[in-house]
Each structure stands twice: as C-alpha cells, then as structure tokens.
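Chemist: Sending over a structure as structure tokens; questions will come in a sec.
Laboratory data are not the source of any read-out in this text; all were calculated from the coordinates shown. Because the structure is a prediction, the values reported are computed rather than measured.
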Amino acid sequence: MDYPPKTEINQATLNDDEKLNAWLRSHLATAIHSSGSAKMGPSDVREAVVDQYRRIHEMEGLWVADTSIFPMVPSRGAAATAIMVGERIAAFIKQSAKDKEEVI
C-alpha cells in the first residue's frame, strides 16, 4: 500500500471534520497487526487458506486464530478484534472436539 508523504496538520484541517477524517485516514496505519495473509474460502479456490471455521485446508487439526484471516486491517481496535477472533476459534475447536467424541 502506498502512503502519501507525511504532512503537518494545520488549523484549517483541525477545524473541519471531513478534512480531519481524510487527513487521519491518509496518515494513520499499522505495521504490527497483519491482515489478509490467510484468505478464507472453499478449498477449490487456489488462494484460500482457511475454511469458514478457520481450519487450514488439507491440514487436520490446524486452525488460524488471528487477524490474518481479515481481508483488510481493522481501522480501530485490532487487539480487541484479535481477541474476539481467538475466542470464536476456541469455540469452533471445542465444538469440533465434541463432534469427534460423539462419532467414536
């Protein structure tokens, strides 16, 4: 992703909500919450890494439980979002274990 050169914010921008929002969107980014590296989709889609339950295709018992499953970096709260994803994947794993016990 190309970012515009960093510029100082001026008083006119601070006084205008639309200009301020545009400035913030163009100047804020993250380098620590990776996203988009584990595409979700069916196994017949070449780029897809995980299914809808975040299980890695063709790998028994391996799941992705972080923000890499998001197509884009969340604009706010990436840490809280990552925790939510982890909690949801934990529920999927628990259910998967229960389903296997019922089959045995």
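Chemist: Using 5 Å bins from zero, what percent of all Cα-Cα pairs in the chain falls into each bin?
Modeler: All Cα pairs considered, the percentages come to 2, 11, 15, 16, 14, 12, 9, 7, 6, 4, 2, 1, 1, 0.
Chemist: To continue, here is another question. Cross-link partners among aspartates and glutamates for residue 98, C-alpha distance below 20 Å, same-chain residues fewer than 8 apart left out?
Modeler: Reachable aspartates and glutamates: 51, 60, 87.
Chemist: Mean residue ellipticity at 222 nm from the helices of the chain, using -39,500 (n - 2.57) per DSSP H segment of n ≥ 4 over the full residue count, to the nearest 500 deg cm²/dmol? Mind dumping the intermediate values first?
Modeler: Working: 3 runs with 41 residues, N = 104.
Result for the chain, helices only: -12500 deg cm²/dmol.
Chemist: Could you name the aspartates and glutamates in cross-link range of residue 19, using Cα to Cα under 19 Å and dropping any fewer than eight places away on the same chain?
Modeler: Partners found: 8.
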